[in-house]
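Notes for the one structure printed next.
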Amino acid sequence: MDRWTAFCALIFLLPLPFGLDTAWAWNLAGAAVFSLLALELSALGRKQRSLALPTLPLPVALKQARISLLLIWGVQLYCLIQWLLWSITPHDSLLSLQKGLTYAGAYTLTLLLVNSRQRLNQLMWVIVLTASLQAMYGAFMTLTGIEYGFFAEKEKFKGVATGTYLNRNHLAGLLEMSIAVGIGLLLAKPTIYSGSVRQKLRTFIRLLLSNKVILRLLLAVLVIALVLTRSRMGNTAFFASLMVAGAIALLLMRNKTTATTILLGSLLVIDIAIVGAFFGVDKVAERLQNTSSQTESRDEVTRDTFDIFLEQPLTGIGAGTFTHAYPSLKSSDITSTAYYNNAHNDYVQFLAEFGLPATAALAFIVLWSLWQSIVTMRVRNSHLYQGAGFTVTMAIVAIGIHSIVDFNLQIPANAMIFVILLALAPIARWTPHSTSGRRRRSARTE
């Protein structure tokens, strides 16, 4: 098995055990990431020596992302210092550091391996397929009433889709990002109807026989599963991010066709009106209507977590320490007996644990990727790269909204997929449209 195949297999398997956030699972993921990273760097070193190159032949996207690379690895160095010097629970900070190193390794590995249009297309398909597996599994368990998670009967969230995750909101987070990837793939293959009636008919028949139909069916499955999670913010984040990213695409995207506008509009209309009507979007709406400050304690937890941040705004209390810090620091007005192992707000949890400087560094990486993805839709002519730009834009907006009331970025599988999608922004922006063409031209001049 070559390095690229192993990387795709790792991404495909990520949400199965790694969504459980167990030590053995993400330690295994970390070992796989660093093994592949070492093999890829070794291969580049051999190529450098064989071609007598002055430096490693690194992809253009990785060179353009050097500031983000420095920041993501710098944050891991900062977490190491936290663990050694002032973390309130060093063991938890060590575990968080191990996860962080895996995410940084995955970000770097993606920039190294995804160096062509073909690999970009394959990676996007792998993400859609692994989410489709989760969606079909979760929907089947919910609709049949069997209710099993990862080889064990579910104890919580019965009657809603969770896939192999423990929490429906985390399956929803995976589906939000994966639907964004699927829509990006659809935009990468626009259908243009032109010419005579006979030519338009041929185009339609080719469409029916293409994998674009399969992709659209998989997207419908993903949306069905998302609705079946009954996740309030998950569904809200999906539809809001689709509208935001769709508006940006229609405003900025080069060479957009009428079919692109129809596609983005139909995704909203068909998925809400048809899919939602049959699989319970009304129940999601009912949960949203019944939500209030009296029925939820997440806003109080967010307030308390922000107060923890204000006590140590620069250094933070230590990565991964919220679980042990919060019970003794929560306010008396929180009467819920629930055990809060996360803040249900990724923003304030990062601030409390990492401190302002490290959180700002992470925020820069996300915002830089968002900017690169938007610019990609504006300046690239390739439909695939434009579609990847749409994917990253929609995924960042979706997770950005969902993170206000949940902790998807604390779940290793979702966090790693999010990091990989962040890496797609410079890849889509800077990867050459075609390298084979340049080789042929250089060969002719020689």
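Some observations on this one:
- Each of the peptides 8-15, 380-387 was scored by the mean count of other Cβ atoms within 10 Å over its residues; in descending order, highest first, they stand as 380-387, 8-15.
- Under 28 Å from the Cα of Lys63 - lysines, other chains or at least 8 residues apart: Lys47, Lys99
- Per-residue Karplus couplings for the range 28-35, computed as 6.51 cos²θ - 1.76 cosθ + 1.60 with θ equal to phi - 60°, are listed in order as 5, 4, x, 4, 5, 4, 6, 5 Hz, Gly and Pro entered as x.
- The translational diffusion coefficient of the range 100-165, from Stokes-Einstein at 4 °C and 1.567 mPa s with a Kirkwood hydrodynamic radius over alpha carbon pairs, comes to 93 µm²/s.
- Relative packing of peptides 101-112, 39-50 - highest average C-beta neighbours within 10 Å first: 101-112, 39-50
- Gain in span if fully extended, Leu367 to Glu153, counting 0.36 nm per residue against the direct Cα distance: 73.1 nm
- Just so you know, the Rg over Rh for the range 348-427 is 1.01, from Cα atoms, with Rh as the Kirkwood radius.
- Highest-first packing order for the peptide set 178-184, 362-368, 154-160 is 178-184, 362-368, 154-160, based on the mean count of other beta carbon atoms within 10 Å.
- Distance between the 7 Å Cα→Cβ label points at Leu53 and Ala31: 3.1 nm.
- Residues whose amide H lies under 5 Å from that of Tyr148, counting only those 5 or more places away or on a different chain, are Lys154; hydrogens are built 1.01 Å from N in the peptide plane.
- The phi torsions of the range 398-409, fed into the Karplus equation with coefficients 6.51, -1.76 and 1.60 and a -60° offset, translate into couplings of 5, 5, x, 6, 5, 5, 5, 10, 8, 9, 4, 7 Hz, rounded to whole numbers, with Gly and Pro shown as x.
- Debye log10 I(q)/I(0) for the range 1-125, one point scatterer per Cα, at q = 0.13, 0.20, 0.21 Å⁻¹: -0.62, -1.23, -1.29
- Rounded to the nearest 20, the size of the Cβ-charge dipole of the range 91-182 about its Cα centre is 220 debye, with Lys and Arg at +1 and Asp and Glu at -1.
- The residues neighbouring Gln122, those whose beta-carbon lies less than 15 Å from its own, together hold a net charge of +3 under the Lys/Arg +1, Asp/Glu -1 convention.
- The stretch between Ile214 and Ser331 holds 37.0 nm of extra length on full extension. This uses 0.36 nm per residue minus the Cα-Cα distance.
Every number here is computed from the coordinates shown, using simple stated rules; none is lab data. Here the structure is a predicted model, which means the values were calculated and not measured. Positions of Cβ are backbone-derived with ideal geometry, glycine not excepted, and every protein chain shown enters the neighbour counts.
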